[in-house]
Amino acid sequence: MRRYARRARRTAPVRAVVFDIGGVLEFTPSLGVTDKWERRLGLPAGELNRLAGDVWRGGSDGTLTEDGVNRALGERLGIDQVIVASLMSDVWTEYLGTLNTELCSYARGLRPRYRTGILSNSFVGCREREQSRYGFEQLVDDLVYSHEVGMAKPDPRIYRLSCERLGVSPEETVFVDDNAACVEAASALGFHTVHFRDTAQTIAAIDGRLAAG
């Protein structure tokens, strides 16, 4: 009986596809923001992230609000809020990147036959900006942002939360990410996984998983 149950889980039909954002639904190449601001502030290489590391973490896990991030950056870097606003404008430009229109169009076409979701390691303020620019809330059935739930990939809990909110199991879900560690963590939980390398490869891999049932 147990042997049959394990086999049934492995062969469960796919009912959902979950996408990462940065590097997948968005193209987010480095624009050299950290180097630019270290030069502007007269900081040695690596110093900006050393000084602001816990601020970035607080924005990622939701323990800081946007205002809290801005105040903390001003204090850590010794700059006023006008300069903080300029720094964060550059950070957001790099963070938001440009839309992967081909993959987003593909994702939109999966509904309503499949449930679709987003599972993203994020930063406080990104939901509003991504919604304004890209309309992700209309693209998929559910969005899980790390800063809103207080956990991040590759923590197994956040993958399970995404499944719970979509009403599916990991074995019924294809998960797409460009980060190998996040892909490996999902695979260990029973997800069908696709490691994003380029859009054509990813669409072909998802189609292959869906065709297999």
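Considering each of THR116, THR173, THR202 in turn, give the residue that is closer than 16 Å to ILE21 by Cβ, touching a residue at least 60 places away in the same chain (Cβ under 8 Å) and more than 15 Å from the chain's Cα centre (by Cα).
Working: THR116 fails: more than 15 Å from the chain's Cα centre (by Cα); THR173 fails: closer than 16 Å to ILE21 by Cβ.
Every option except THR202 fails the conditions.
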Name the single residue that is surrounded by the most Cβ atoms within 10 Å (Cβ to Cβ) among those in the range 48-81 being closer than 18 Å to SER122 by Cβ and of a type in the set (Asp, Glu). ASP61
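Output the residue which, of all residues in the range 111-128 that are among the hydroxyl-bearing types (Ser, Thr, Tyr) and in a loop (DSSP other than H, G, I, E, B), is surrounded by the most Cβ atoms within 10 Å (Cβ to Cβ).
Initial filter on the range 111-128 (among the hydroxyl-bearing types (Ser, Thr, Tyr)): 114, 116, 120, 122.
Adding the requirement that they be in a loop (DSSP other than H, G, I, E, B) leaves 114, 122.
On the way: TYR114: 20, SER122: 25.
The qualifying residue surrounded by the most Cβ atoms within 10 Å (Cβ to Cβ) is SER122.
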For residues that are of a type in the set (S, T, N, Q) and surrounded by 18 or more Cβ atoms within 10 Å (Cβ to Cβ), tally how many sit in the range 82-110. 1
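Yes or no, residue by residue, for (1) farther than 28 Å from PHE136 by Cα; (2) assigned to a strand (DSSP E or B); (3) under 20 Å from the mean Cα position of the chain (by Cα):
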residue: VAL14; (1), (2), (3): no, no, no
residue: TRP37; (1), (2), (3): yes, no, no
residue: ARG40; (1), (2), (3): yes, no, no
residue: ALA45; (1), (2), (3): yes, no, no
residue: LEU64; (1), (2), (3): no, no, yes
residue: ARG71; (1), (2), (3): yes, no, no
residue: ILE83; (1), (2), (3): yes, no, no
residue: TYR106; (1), (2), (3): no, no, yes
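Only the coordinates and a few stated rules stand behind these numbers; no lab work does. Just so we're clear, the structure is a prediction, and the values are computed from it rather than from any experiment. When we count neighbours, we look across all protein chains shown, and the Cβ atoms used for this are built from the backbone with ideal geometry, even at glycine.
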